[in-house]
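Colleague: Handing you a structure now.
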Amino acid sequence: MARSKAYIASVGLTGIGDLWDKSLLDLAVEAARGAMKGSPRKKPDQIFVGNMFSALGASQEHLGAMTASALGMAGTPAVKVEAACSSGGSAFNVAYNLVRAGALDSALVIGVEKMRDLEPEEVSQALAMAESAEYTQFVGATFAALNGLLARYYMEELNVTRDELSAIPVIDHANAVTAAHAQFRKAITPEVVGRSQMIADPLRLFDCAPVGDGAAAALLVNDDAASGSKRKLAEVLGGKISTNEFSLYEREDMLDFKATRLAFKDALSMAGLSPGKMNFLEVHDAFSVVGALSLEAMGYSKRGNGSRDAKAGKYARGGELPINTFGGLKARGHPVGATGVYQIAEAYLQLTDQAGKNQIEGAEYAATQNVGGVDSTSAVHIFGRAA
Amino acid sequence: MSIQYWRIRDRYYRLIGSRCAACGAEFFPPVYKCKKCGSEDIKDKEMPKTGKIMTYTQLHEPLPGFEAQAPLYLAVIKLDNGARILSQIVDSPDESVKTGARVSATIRRVRVDGESGQIVYGYKFTVNPLLK
Amino acid sequence: MYLMQSKKRAAILGYGAYIPYYRLPTTEIARIWKGGGSGPNVEKAVAYMDEDTVTMAIEAARQAMKMAGIENLGAVFVGTESKPYAVKPTSTIVAQALGQHHTLAADLEFACKAGTEAMQVITGLVGSGMIEAGLAIGMDTAQGKPGDDLEYTAASGGAAFVIGNRNKDSVAEIDCSTSYVSDTGDFWRRAHERYPRHLSRFTGEPAYFHHIESSVKTLFKETGHKPSDFKYAVFHQPNPRFPVEVATRLGFTMEQIKTGLLNPMIGNTYAGSSPIGLAAVLDEASPGDKILLASFGSGAGSDAFCIDVLEGITRTRGINPTVKSMMERSTKIDYSTYSKFRDKLHR
């Protein structure tokens, strides 16, 4: 039973890319300051840092205390939340639940990842830690390999073509052209995707989200903090984390993103809304096939039609249900632990009419979906304009 | 990290997975609780060494330590007892690696810790099993 | 006096072999190093980069155990000169893979006769009543220095034999054997060297021929057997020519040696060489056939065995892949691929 409503009062985000001159802490502080700017209170009640591999990437753990201290907030409770690529969304969910419950008046959620300090094969090793060390990493399978297996299975079982699979990356790139914080801001064609370098057959380079550095932060506040606020607010109407059988291959139906399906259903139920009410979605397309299966799991496309519907225009900017309004994981970027908070920050910008050239006019409601592993964790949140 | 692998060497060498004593379902890797009926009465069981490819991929950039094997075939294999296993496919001509192909297990060097570290042996599969 | 014959009768209860999938034509080696031509053998078997003596030994051992149909082994001995670890036994990994713990395990080294030595040791342990059954394996991933003549023949493969108390199901009895050794350094490898070295013409008469002729002639003298008593003869095969020559000298015919002569198509599998020749013979032999097995290991020595095929051999057909089918299961590679597989590229 919720004691309070929850709102996002402000966000901060860094550009995403190869940020050679900025450290993990530099990025976290930058995003955090962006979110705290204009806040009537100097400190949040608690800080949550979502991050996946600071240990391997920066020889650093204990990010909660470290970031609090750097922000001049020593004394503020702070923790790191890790759930692979859904660290950001999961951190937000923990904070959201505490604010709803009345345990916290405010919470600062920071998602941060520093990937570029590692060599590509080290990044690969770091990302592979989302999967079983003893049975998946052990056989040499990278995270891309698992998604390659999934992609082949998807295409063979449901007759999805190469051209159809390319549709979501194309939408992402088109949307990122006008997105200031996006990593890649150039439109592409399906041919570009289909001809790009093979990574894990059938997945090619342009089917895969890039490696990049970045941090995003969101300041959550409760009713008291929100009332009388001069700041633009977006309401968090619902949010849920769900998990799936850990390894893709141990699932009864490998094409059922059960975690996303259940998290979305529960989040909507909390919000008291039907799926049709969403005006746009921020979908976790770490790989083109994951984007497609996420849309199917959320019920927006029938089984096998996720990419097909994207190709037909359903999910494009001007379509029935725009997705990835600032470029999604493929073009906006995917600094893994930060992504979930980027999605949330983008939803906030849309719902407070601050999305500039990327604005979805009149958007009332949105869902963000952030996945860890191959849908082993899914953190889904529903947002709406503040009354 | 060799102790982490030493601990489960029988699983690696002999494909010892789990059998649910309640419903008979079998799993590899091993489970703590039956994925089918939820029973916690789980016993070790050696898996059959043959099965077929459910799906596969050819990985051009394998994990560190496996670079020499690129491009590397990986497959989700459905063993003859219904258990599913993720493994490399080796010694198999390209045209033979396809969904539905029958495969059989072999034991190979899976990980080698450089020139002076330990060798971890484990399962891999071939589409080209020894002929009778 | 020089005959080794166990009091309790010991027999082969099961056997298995392993030859890797890849073949390097010797024309490829000659192309790179000599500008053309070929080696004495046509092709040699090459292990993939994820194979070694341990993996191949386990594959062959599993087949041998399947045929033998027994649960427990009292000893596991692996004869090889390409142990993956200089210190850490191959045999304990084989034992673990077979689920055997209450067992004597050791690795033996005596160049190309380490496999047959393992057979003698296991026969002794069985024959003395110390164990019920044991596993003897001869297996190698032989390496030759790039450009050296040995590179033509140095190959990967071998065989495994479960030897136990003779019973009505046994495949073949190990009747007796002799061994002859001397300090003769025809081929050697110092402790930290990567590749062996060898003398050239010296590896013939004073080494291969002297030791095999000595062990076999001693066997004939001690047992009263003559060449015509044997249906098959298997000799160590460092190249296609030596085994034919020694067979002729000892009074054997091509007909007797051809089934076990695999060198032309798979090369010299070192400690696996005469063992795998024996496996090839067992694939085709009939009850009542007598087999002469004579190995040669550089350093140097030869073990000669008299093996009698039993009724039990008829039930073994179809249990395991035949050596012939393993020879056919192959694909050719080029020299650069071989260099990568056998880790000969300096990185």
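Colleague: Count the lysine pairs in the stretch C:262-347 whose Cα atoms sit under 22 Å apart, keeping only pairs 8 or more residues apart in sequence or on different chains.
Modeller: Close lysine pairs found across the stretch C:262-347: 4.
Colleague: Stokes-Einstein diffusion coefficient for chain C at 20 °C in a medium of 1.002 mPa s, Rh from the Kirkwood formula over Cα pairs: what value in µm²/s?
Modeller: 109
Colleague: For chain A, set up a GNM with springs between Cα atoms under 10 Å and report which of A:69, A:288, A:39 has the largest fluctuation.
Modeller: For chain A, modelled as a Gaussian network with Cα springs under 10 Å, the answer is A:69.
Colleague: Looking only at C:122, C:319, C:257, which one moves most when chain C is put into a Gaussian network model with springs between Cα atoms under 10 Å?
Modeller: Highest fluctuation of the listed residues: C:319.
Colleague: Another one. Work out how far the C-alpha atoms of the stretch A:83-159 reach from end to end along every principal axis, then list the three figures in whole Å, largest first.
Modeller: Result, largest extent first: 48, 37, 23 Å.
Colleague: Same structure again: Using the charge dipole of chain A (Lys, Arg: +1 at Cβ; Asp, Glu: -1 at Cβ; taken about the Cα centre), state which of A:166, A:267, A:53 has its Cα farthest towards the positive end.
Modeller: Most positive-ward Cα: A:267.
Colleague: Follow-up. Mind listing the phi-derived Karplus ³J(HN,Hα) values for the stretch A:362-379, rounded to whole Hz, using 6.51, -1.76 and 1.60 with θ = phi - 60°, and x for any glycine or proline?
Modeller: Residue by residue, the stretch A:362-379 yields x, 5, 9, 10, 8, 10, 10, 10, 10, 10, x, x, 8, 6, 6, 10, 9, 10 Hz.
Colleague: Given N residues in the stretch A:225-268, what is Rg(Cα) / (2.2 N^0.38 Å)?
Modeller: 1.82
Colleague: Could you tell me which chymotrypsin sites (Phe, Trp or Tyr not before Pro) in the stretch B:1-82 are loop residues by DSSP with no more than 16 other beta carbons within 10 angstrom of their beta carbon?
Modeller: B:32
Colleague: Which three lengths, in whole Å and largest first, does the stretch B:2-126 cover when its Cα atoms are put on their principal axes?
Modeller: 44, 37, 20
Colleague: Here's something else I'd like to know. Binning every alpha carbon pair distance of the stretch C:172-315 at 10 Å from zero, what are the percents per bin?
Modeller: The calculated distribution, bin by bin, is 12, 43, 33, 10, 2.
Colleague: How much of the DSSP bridge set in chain C is antiparallel, in percent, rounded to the nearest 5?
Modeller: Of all bridge pairs located within chain C, approximately 70 percent are antiparallel.
Colleague: Calculate the dipole size of the stretch A:60-141 relative to its Cα centre from +1 charges on Lys and Arg beta carbons and -1 charges on Asp and Glu beta carbons; express the result in debye to the nearest 20.
Modeller: 440
Colleague: Moving on. Where the centroid of each part is defined by its Cα atoms, how far is the stretch A:95-172 from the stretch C:132-161 in Å?
Modeller: Value for the Cα centre distance between the two parts: 45 Å.
Colleague: Additional query: Could you give the DSSP H helices of chain C that reach 18 angstrom or more along their long axis (alpha carbon positions) and whose average Kyte-Doolittle hydropathy is no lower than 0.0?
Modeller: Within chain C the helices that satisfy the rule are C:53-68, C:114-127.
Colleague: Could you compute the FRET efficiency for residue C:223 and residue C:106, with r as their C-beta to C-beta distance and R0 at 30 Å, rounded to 0.05?
Modeller: That pair, residue C:223 with residue C:106, gives E of 0.55.
Colleague: Could you check which residue among C:235, C:77, C:209 shows the biggest mean-square fluctuation in a GNM of chain C with a 10 Å Cα cutoff?
Modeller: The residue with the greatest mean-square fluctuation here is C:209.
Colleague: Any aspartates and glutamates with Cα under 17 Å of the residue A:265 Cα? List them, leaving off those in the same chain fewer than 8 positions away.
Modeller: Excluding near neighbours in sequence, the set is A:256, A:282, A:296, A:375.
Colleague: Same structure again: Take residue C:337 and residue B:115, extend 7 Å from each Cα along the Cα→Cβ direction, and tell me the distance between the two endpoints in nm.
Modeller: Taking the simple label geometry, residue C:337 and residue B:115 are separated by 2.8 nm.
Colleague: On alpha-carbon atoms, Rg over Rh for the stretch C:29-110 using Kirkwood Rh?
Modeller: That ratio is 1.14, to two decimals.
Colleague: Given R₀ = 30 Å, FRET efficiency for residue A:364-residue A:256 by Cβ-Cβ distance, to 0.05?
Modeller: The computed FRET efficiency comes out at 0.50.
Colleague: Taking N as the number of residues in chain A, what is its Cα Rg relative to 2.2 N^0.38 Å?
Modeller: For chain A, the normalised Cα radius of gyration comes out at 0.90.
Colleague: Just tell me how shielded B:3-11 is by partners: mean number of partner chain Cβ atoms within 10 Å of each residue's Cβ, no decimals.
Modeller: Mean shielding by partner chains, rounded to a whole number: 2.
Colleague: Then there is this: Kirkwood hydrodynamic radius of the stretch A:118-161 from all distinct Cα pairs, in Å?
Modeller: 11.3
Colleague: Now a separate question. Kirkwood hydrodynamic radius, computed over distinct alpha-carbon pairs, for the protein assembly as shown: how many Å, to one decimal?
Modeller: 30.1
Colleague: State which entries of C:44/C:113; C:88/C:113; A:42/A:232; B:98/B:124; A:43/A:232; A:302/B:33 exceed 24 angstrom in Cα-Cα distance in the structure shown.
Modeller: Table pairs above 24 Å Cα-Cα are A:302/B:33.
Colleague: So, one more: For the pair residue A:205 and residue A:55, how long in nm is the line joining their label points, each one 7 Å along Cα→Cβ?
Modeller: Going by the 7 Å Cα→Cβ label model, 3.3 nm.
Colleague: Still on this structure, I have one more. Per DSSP H run of n ≥ 4, the term is -39500 (n - 2.57); total these for chain A, divide by its residue number, and report the mean residue ellipticity at 222 nm rounded to 500 deg cm²/dmol.
Modeller: Helices in chain A give a 222 nm mean residue ellipticity of -10000 deg cm²/dmol.
Colleague: If you don't mind, another one. Using Cα centres only, tell me the gap between the stretch A:58-75 and the stretch B:1-42 in whole Å.
Modeller: The two parts, judged by their Cα centres, are 40 Å apart.
Colleague: Given R₀ = 51 Å, what would the calculated FRET efficiency be for residue C:5 paired with residue B:67, taking r from the Cβ atoms and rounding to 0.05?
Modeller: 0.40
Colleague: Next question, about the same structure. Just want the ordering: A:149, A:13, from fewest to most Cβ atoms lying within 10 Å of their own Cβ.
Modeller: So the residues, fewest neighbours to most, are A:13, A:149.
Colleague: Same structure, new question: Using +1 at the Cβ of each Lys and Arg and -1 at the Cβ of each Asp and Glu in the protein assembly as shown, identify which of B:86, C:26, A:36 lies farthest towards the dipole's positive end.
Modeller: A:36
Colleague: Where the centroid of each part is defined by its Cα atoms, how far is the stretch A:206-272 from the stretch C:294-315 in Å?
Modeller: First find each Cα centre; the distance between them is then 70 Å.
Colleague: Answer with one residue from C:127, C:68, C:48: the one whose Cα lies farthest towards the positive end of the charge dipole of chain C, charges on Cβ with Lys, Arg +1 and Asp, Glu -1.
Modeller: Positive-end residue among those listed: C:48.
Colleague: What is the fewest-to-most order of C:46, B:31, A:221 by other Cβ atoms lying within 10 Å of their Cβ?
Modeller: Exposure proxy ranking, most exposed first: B:31, C:46, A:221.
Colleague: Exposure proxy check: B:37, C:112 ranked by fewest other beta carbons within 10 Å?
Modeller: Ordered by Cβ neighbours within 10 Å, fewest first: B:37, C:112.
Colleague: To continue, here is another question. Across every pair of different alpha-carbon atoms, what Kirkwood hydrodynamic radius in Å does the stretch A:1-91 reach?
Modeller: Taking the inverse mean of 1/r over all distinct Cα pairs, the stretch A:1-91 comes out at 14.2 Å.
Colleague: Taking the Cα centre of the stretch A:52-199 as the origin, how large is its charge dipole in debye, to the nearest 20, when only Lys and Arg (+1) and Asp and Glu (-1) carry charge on their Cβ atoms?
Modeller: It comes to approximately 440 debye.
Colleague: Quick one: P(r) of the stretch C:202-249 from all Cα-Cα pairs, 10 Å bins, percents rounded to integers, in order of increasing distance.
Modeller: For the stretch C:202-249, the binned pair fractions read 23, 58, 19, 0 percent.
Colleague: Suppose every Lys and Arg Cβ carries +1 and every Asp and Glu Cβ carries -1, with no other charges. What dipole size does the protein assembly as shown come out with about its Cα centre, to the nearest 20 debye?
Modeller: 820
Colleague: Now a separate question. Per DSSP H run of n ≥ 4, the term is -39500 (n - 2.57); total these for chain C, divide by its residue number, and report the mean residue ellipticity at 222 nm rounded to 500 deg cm²/dmol.
Modeller: Value at 222 nm, helices only: -8500 deg cm²/dmol.
Colleague: Output needed: percent of Cα pairs per 5 Å distance bin for the stretch A:139-249, bins running from 0 to the one holding the longest distance.
Modeller: Going from the shortest bin to the longest, the percentages are 2, 9, 14, 14, 14, 15, 12, 8, 6, 4, 2, 0.
Every number in this text was worked out from the coordinates using simple rules, so none of it is lab data. This is a predicted model, so every value here is computed, not measured. Using ideal geometry, Cβ is built from the backbone for each residue, glycine included, and neighbour counts are taken over all protein chains shown.
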